[in-house]
Amino acid sequence: MKKIITFLIKNKLFVAIVFLISISSWSTVALANANSIVVESDSVNVRVGPGLSYSNMGQVKKGDKLAILAEKNKWYQVRLSGDKIGWVASWLIDNTEVSSATNKVGIVKVPNTTVFQKNNSDSEVLGTIEQSQKVTVMYQEQDWSQILYKGTAAWVKSQFIQGTQETSGSSNTSNDDIKTVTVTQANTKLRIEPNDNGRAIKSVDVGKKFDYLSKSGNWYKVRDTDGSVGYIASWLVTISGSKSAVKSAATNISEATIVIDPGHGGTDVGAESSKKTYEKNFTLQYAKAIKADIEKTGARVVLTRSGDDTKSLGDRARLSSKIEADAYVSLHFDSSDQSNAGSGVTTYYYGKDKDGQLATDINNQLKNLAIDNRGTQQKDLYVLHYNSQPSVLIELGYINSSTDYKHINSDSYKAAVAKDVTNGLKEYFK
Ligand SMILES: [Zn+2]
């Protein structure tokens, strides 16, 4: 009897061990299955290394299934057809909100730079980074920079990061074409260092011009006529002759950062329709529809306002340089002095070199809308003039024309506009 019990216990143990082994091999199989991904964006660049600074070796398309070999800094190493191996940005696959093509590489300037969870020194400390280490900078505010840290988004004080000009693969982002930097904000400081803590050498007014020398992160090194040299924040100025200075590094819409500007808002209602509805509400609805459509490509989209907020034209234009947008699209609806006197869609641009191509590419797509197309036109509009990035302003029909209004107020027209703007941007980044 005792012998039998011992046998049973031993046998149970044996069964248990067999069971455990089978569970662990089962889960290994499950993991192997989970280690592949399906591309959800229309097309995603494959790079030779885990970062936008590596050159592009090809593309994968929506629906492609890729085997993941490794993961590093939010990039997946994947196997492609023909047994080639490359890297794709995980956020373009997962379509999470950290997607940004304008990531830059920064160098940590001081030893043991603290990494915070939020842009606030009271937030949790995630660790430290050693001096001279390179970090991927995803976004910069005046005092804080958002970086990639151990696979997640984290924050460090901007003053501890030295910006470099290294962006994505393209190396011909020549700054030689830039001639003049013009100040667009009153009381702008020329500083001794490229950050807000740098001592101010002088304070200058709107319209003041400097010779451009070089770029350091989001700051420009400039020279005044009296020979003094200093740094000026790029979001407070505009550059002339900057044909390639703002040329997007993105070679695919999925890598781009795009600003959509819903015109008017808050106390500024814009034009009024005969139905007593306002331009500001339509621009916001259209901006949200366009944003949703563009985001399907994997691109990062930022709105200048997402609610009924009053925003200055300066703030709207500056957001574009602040986040180094690859394209900026401002949305409006026209109105004529008398109702039913005007009709049509118009795409405006300011600088031919800077904005012309973007205007052409978007307007070409807007040609099959229910409202007639009036083509592209050059016009000195504030949000375009004081915008350092490629920018256009679209008037999507006359709000005080009863025929245009019928379309403007319809979901089908809105959906068609969203699709056309997205397709225009896809074309532009090709
Ligand atoms: Zn307007």
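The values are calculated or read from the model by the stated rules, or taken from the named source; none is laboratory data. None of the values given here were measured: they were computed from a predicted structure. Here the Cβ is made from the backbone with ideal geometry for all residues, glycine too, and neighbour counts use every protein chain on show.
Here's the yes/no breakdown for (1) among the basic types (Lys, Arg); (2) within 26 Å of SER234 (Cα to Cα); (3) away from the ligand (no atom under 16 Å from the Cβ):
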| position | (1), (2), (3) |
| --- | --- |
| GLU255 | no, yes, yes |
| ILE294 | no, no, yes |
| ALA299 | no, yes, yes |
| THR310 | no, yes, no |
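For ALA287, the criteria (1) within 16 Å of the ligand (Cβ to nearest atom); (2) more than 20 Å from the chain's Cα centre (by Cα) hold in every case but one, which is (2). Taking the stated definitions as given, is ALA271 among the aliphatic types (A, V, I, L, M) and assigned by TED's automatic domain parsing to the domain that holds ASP411? It is true that ALA271 is among the aliphatic types (A, V, I, L, M) and assigned by TED's automatic domain parsing to the domain that holds ASP411. If the condition is being more than 16 Å from SER388 (Cα to Cα) and assigned to a strand (DSSP E or B), then region 189-210 contributes LYS189, LEU190, ARG191, ALA200, ILE201, LYS202, SER203, VAL204. Scanning region 350-383 for residues that are within 13 Å of the ligand (Cβ to nearest atom), within 22 Å of the chain's Cα centre (by Cα) and free of Cβ contacts under 8 Å to residues at least 60 places away in the same chain turns up nothing.
When every residue of region 80-95 is checked against the conditions, none turns out to be at pLDDT below 80, acidic (Asp, Glu), in a loop (DSSP other than H, G, I, E, B) and within 29 Å of VAL259 (Cα to Cα). Against the test of being more than 15 Å from TYR328 (Cα to Cα) and of a type in the set (Ser, Thr, Tyr), the options THR277, THR283, THR257 yield a single qualifying residue, THR277. Selection of region 259-280 for residues being within 12 Å of the ligand (Cβ to nearest atom) and more than 23 Å from the chain's Cα centre (by Cα) yields ASP268, VAL269, GLY270, ALA271, GLU272, TYR278, GLU279, LYS280.
TYR349 meets each of the listed conditions (1) surrounded by fewer than 22 Cβ atoms within 10 Å (Cβ to Cβ); (2) modelled with pLDDT of 95 or more apart from (1).
Scanning region 321-349 for residues that are more than 16 Å from ASP404 (Cα to Cα), more than 14 Å from the ligand (Cβ to nearest atom) and not polar (S, T, N, Q) yields LYS322, ILE323, GLU324, ALA325, ASP326, ALA327, TYR328, TYR349. Sub-6 Å Cβ pairs linking a first residue in region 306-332 that is over 18 Å from GLU295 (Cβ atoms) to a second residue that is assigned to a helix (DSSP H, G or I) and away from the ligand (no atom under 16 Å from the Cβ), at least 6 apart or interchain, are ARG318/TRP235; SER321/SER234; SER321/TRP235; LYS322/TRP235, ordered by first then second residue.
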